[in-house]
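Student: Can you read through this structure? Questions will come right after.
Every number here is computed from the coordinates shown, using simple stated rules; none is lab data. Nothing here was measured: the structure is a model prediction, and the numbers come from that model. Methodologically, a virtual Cβ is constructed for each residue, glycine included, from the backbone with ideal geometry; neighbour enumeration extends over all protein chains shown.
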Amino acid sequence: MDASFRDMVDGRTGLIDRRIFADPLVYERELAQIFGRCWLLLGHECQIPNENDYMTAYMGEDPVIVSRLAGGRIVAHLNMCRHRGNRVCRADSGNARSFTCPFHGWTFGNDGRLDHVPGLDEVYYGELDVASNGLVPVGQLDTYKGLIWATWDRDAPPLLDYLGDMAWYLDLVLDRREGGIEFLPGVHKWQVHCNWKFPADNFIGDSYHGPVSHKSAWVSGFEGQPRRKPGYGYEGFQISPGNGHGLGARWAESPEEYVAMGLPEFQEYDRARLPEAEQRLGPVRAWKISPMHATIFPNVSILWQGGTIRVWHPRGPGLTQAWGWCFVDRDAPAPMKKIVRLHETHRHGTSGTWETDDIDNWVMSTQASRGHVARAYPANISMGVGHESSFPELRGRIGKFQSEINQRAFYSHWAEMMASEGRWPALERGGESVAERAAGGR
Ligand code: FES
Ligand SMILES: [Fe+2]
């Protein structure tokens, strides 16, 4: 590799060395520097509501078991037997106080302790160090308004510092109503022959592709009625709150304009929940900004209205396993939950009308990054360079709705994480407001 990892991304010009999407050495380093250190999403507390409930998840390529212990505390461990490495839990979810390895029968409590070793006295002569052979725990685990996060890095900054001002925007999903959100049962899972960064990049700020890649959805009438003005540079912002996170949001001048921006089948509910949202979040976050898409560095993405939260699990430089959950307000009426579920499935399910458009783009862009000639030419995310600003009522740096400000922030942060060995790059802190909210338990 003839360039340092930091040199592979030029955030000033918006040019990116295309090898970051294909090179096996880059990928190996990502597993350590990105997925071995960052806070990663495991799921939602509602998925394991009872004592001894568990679910399985991934952190990078590493499988984990997430358990709620007796007493309510949530823990997560590497789903790997300490004997020969077999996976001790094969189910997606369930209720169990212990996990027995199907290879030779070592049995681990859901708190990670090695509870039973077959033949401990007879064949190990009682000499196996049982206490130090428990399941490997994650470095840190924390929750933010129901979402469960963990990092392998004991020295990673606290979750709220890691999220920074992105937490302020996440509240638009997580805190709009009393009770927050819930994940509807089940997970969409599918594999895409693309580098994991392409979907993360797409969701963080690519409003540019919508009118072209998804044109068929608009002209076919699938969306019900046209809700977008023609052209570019209109109606909203890309917002870069720092630390590699980003979101795109439209801007409304009145509550009714905000409601009208929503999908037709959501408008009645959006109008009904507006007073509660305004009381909880204030007018800016209740209706002036209307977020559409986001990525939380490195691999968590959200589509607000459809109600989908994604994790892009890396499976090699050219393969991504996508997990998608459908989320709704916990207290939404049952008919509304059904509408959200159907909408999410039709539009963003594994064969959804929009999903398939996006997948093709990511696969082709990944393939180009492998070509000997093609990868000599950098990828270009220069849209809006030098035209970034701030906006009085919003946090973070702002670009036009069609702008690549968020991609530049994402890849610049990626480069910093890749280059910074043994220390964390300086995070842009959320400031007093985040600290205050943490102190208030919000
Ligand atoms: S690999 Fe698990 S008991 Fe042997
Ligand atoms: Fe798309």
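Student: Summing +1 for each Lys or Arg and -1 for each Asp or Glu, what net charge is found among the other residues whose Cβ lies under 13 Å from the Cβ of PHE203?
Tutor: Residues close to PHE203 contribute a combined charge of -2.
Student: Treating the beta-carbon of each Lys and Arg as +1 and of each Asp and Glu as -1, no other charges, what is the dipole magnitude of segment 40-141 about its Cα centre, to the nearest 20 debye?
Tutor: Here the size comes out at about 160 debye.
Student: Please state the charge dipole magnitude for the chain, taken about the Cα centre, from unit charges on C-beta atoms (+1 on K and R, -1 on D and E), reported in debye and rounded to the nearest 20.
Tutor: Around 580 debye, computed over the chain.
Student: Under a cut-off of 17 Å between alpha-carbon atoms, report the lysines in cross-link reach of LYS215, not counting same-chain residues fewer than 8 places apart.
Tutor: Those lysines meeting the cut-off are LYS229.
Student: Around ASP155, what is the net charge, scoring Lys/Arg as +1 and Asp/Glu as -1 over all other residues with Cβ under 14 Å from its Cβ?
Tutor: Here the charged neighbours net out to 0.
Student: Another question, if that's okay. Using a Förster distance of 45 angstrom, determine the FRET efficiency expected from the C-beta separation of GLU178 and GLU61, and round it to 0.05.
Tutor: 0.75
Student: Run the quick spin-label model on ALA374 and ALA426: label points 7 Å from Cα toward the beta carbon, then report their separation in nm to one decimal.
Tutor: In this crude label model, ALA374 to ALA426 measures out at 3.9 nm.
Student: Considering only the other residues whose Cβ falls under 9 Å of the Cβ of PHE35, what net charge follows from Lys and Arg at +1 and Asp and Glu at -1?
Tutor: Net local charge, PHE35 excluded: -2.
Student: Show me 124-135, 241-252 ranked by packing, highest mean number of other Cβ atoms within 10 Å first.
Tutor: Those peptides, ordered most packed to least, come out 241-252, 124-135.
Student: So how do TRP218, TRP168 line up by other beta-carbon neighbours within 10 Å, fewest first?
Tutor: The fewest-first ordering by Cβ neighbours comes to TRP218, TRP168.
Student: Still on this structure, I have one more. Please report the orientation-averaged projected area of segment 1-107, defined via the convex hull of its C-alpha atoms, in nm².
Tutor: That works out to 9.4 nm², a quarter of the Cα hull's surface.
Student: Given the peptides 368-377, 40-49, arrange them by the average over their residues of other C-beta atoms within 10 Å, most packed first.
Tutor: 40-49, 368-377
Student: How far, in nm, would the chain grow between ASP331 and ASP92 when pulled straight, counting 0.36 nm per residue and subtracting the alpha carbon separation?
Tutor: Working it through step by step, the gained length comes to 83.5 nm.
Student: Can you show me the helix-derived [θ] at 222 nm for the chain, built from DSSP H runs with n ≥ 4 at -39,500 (n - 2.57) apiece and divided by the number of residues, rounded to the nearest 500.
Tutor: Calculated mean residue ellipticity at 222 nm is -8000 deg cm²/dmol.
Student: Mind checking which of ALA376, VAL311, GLY242 is farthest towards the positive end of the chain's charge dipole, using Cβ charges of +1 (Lys, Arg) and -1 (Asp, Glu) about the Cα centre?
Tutor: ALA376
Student: Using the beta-carbon distance between LYS338 and TYR125 and R0 = 60 Å, what value does 1/(1 + (r/R0)^6) give for FRET efficiency, to the nearest 0.05?
Tutor: Plugging the Cβ-Cβ distance into 1/(1 + (r/R0)^6) gives 0.50.
Student: Within 10 Å of each residue's Cβ, count the other Cβ atoms and sort SER412, SER301, SER403 from fewest upward.
Tutor: Going from least to most buried by this count: SER412, SER301, SER403.
Student: For the chain, give me every cysteine whose Cβ has no other Cys Cβ within less than 4.7 Å, ordered by residue number.
Tutor: When partners are defined as cysteine Cβ atoms under 4.7 Å apart, the chain leaves CYS38, CYS46, CYS89, CYS194, CYS326 without one.
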